[in-house]
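**Student:** I have a structure here, written as structure tokens, and I will follow up with some questions on it.
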Amino acid sequence: MPRDGFIRSFLTALRLTLVMTVILGMVYPLFVGALGALTFGRQAAGSWITDTTGHVRGSSLVGQRFVDPEGKPLAQYFQPRPSAAGNGYDAMASGASNFGPENPDLAAAIRARQAQVAAFNGVPVERIPPDAVTASASGLDPHISPEYAALQIARVAIARGLPVAQVQALVAAHTAGRDLGFIGEPRVNVVTLNAALDGY
């Protein structure tokens, strides 16, 4: 290729790179961000949950642990599913364990979790649903199944000195059905449910 042709091709490629960088690296993200803020303002802002004093206590989109300083689960809160993200629900380390279903370490972890959940809630192992002992793919899912929530109602009611019917009503209020009526499964948002139990 002649030198002049090479220079013209190089300058054309450079201009195209600069134009696409501006469009895809600046204009498009700003447009999508603005559109999200206009149509789904709360979600685009992080779906923060604040207490009565205005302090942020979490996000309804990201799960969190409800444990004491020693890492033991607190009886007065609904407990989420396990998390493989960092030390649990670490948004900087989102991800799963990547263990296959036949992995002996995963099988042992599930058996240990079953025993812990059964003892903590005073129920037989046979009643424990799968999401109580398995982590989500992201490790950040704030939802549990209605079955796992129902299993925890009596414990939470006793720990808080509340009527079981009142706790059942709160669970029902924080249960979402299938998206569009047929996508996914019914689910309970543990973060918003526990926030409601705390009065915010």
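The values are calculated or read from the model by the stated rules, or taken from the named source; none is laboratory data. Only a predicted model underlies this, so the values are computations on that prediction, with no experimental measurement involved. Cβ coordinates were reconstructed from backbone atoms using ideal geometry, including for glycine residues, and neighbour counts include every protein chain displayed. Side chains are part of the model used for accessible areas, which takes the heavy atoms of the whole protein and leaves out ligands, DNA and RNA. Shrake-Rupley method; radii C 1.70, N 1.55, O 1.52, S 1.80 Å.
**Student:** Among the numbered criteria (1) in contact with a helix residue (DSSP H, G or I) (Cβ under 7 Å, 6 or more places away or on another chain); (2) assigned to a helix (DSSP H, G or I); (3) at pLDDT below 95, which single criterion is violated by residue 155?
**Tutor:** Failing condition for residue 155: (3).
**Student:** Follow-up question, since we're still on this one. For segment 5-60, how many residues are part of a helix (DSSP H, G or I) and open to solvent by less than 100 Å² (accessible area, probe 1.4 Å)?
**Tutor:** Counting residues in segment 5-60 that are part of a helix (DSSP H, G or I) and open to solvent by less than 100 Å² (accessible area, probe 1.4 Å) gives 26.
**Student:** Quickly run through segment 87-123 and pick out the residues that are of a type in the set (Phe, Trp, Tyr) and outside any loop (DSSP other than H, G, I, E, B).
**Tutor:** If the condition is that a residue be of a type in the set (Phe, Trp, Tyr) and outside any loop (DSSP other than H, G, I, E, B), then 120 is the only one that fits.
**Student:** Another question about this same structure. Of all residues being of a type in the set (D, E, K, R) and without any contact (Cβ under 8 Å) to a residue 40 or more places away in the chain in segment 124-162, which is surrounded by the fewest Cβ atoms within 10 Å (Cβ to Cβ)? Just the residue, please.
**Tutor:** Per the stated criteria, the residue is 126.
**Student:** Just give me the residues in segment 163-200 being touching a Leu at 6+ places or on another chain (Cβ under 7 Å) and either exposed (fewer than 12 other Cβ atoms within 10 Å of the Cβ) or of a type outside the set (Val, Ile, Thr) (or both), in sequence order.
**Tutor:** Across segment 163-200, the qualifying residues are 170, 174, 193, 196, 197.
**Student:** Are any residues in segment 104-122 among the basic types (Lys, Arg) and closer than 23 Å to residue 156 by Cα, and if so, which ones?
**Tutor:** Residue satisfying the conditions is 113 alone.
**Student:** Within segment 63-86, track down each residue that is open to solvent by less than 50 Å² (accessible area, probe 1.4 Å), within 18 Å of residue 120 (Cα to Cα) and either aliphatic (A, V, I, L, M) or outside any loop (DSSP other than H, G, I, E, B) (or both).
**Tutor:** Of everything in segment 63-86, those that are open to solvent by less than 50 Å² (accessible area, probe 1.4 Å), within 18 Å of residue 120 (Cα to Cα) and either aliphatic (A, V, I, L, M) or outside any loop (DSSP other than H, G, I, E, B) (or both) turn out to be 67, 74, 75.
**Student:** Could we say that residue 148 is part of a helix (DSSP H, G or I) and under 19 Å from residue 62 (Cβ atoms) here?
**Tutor:** Yes, satisfied.
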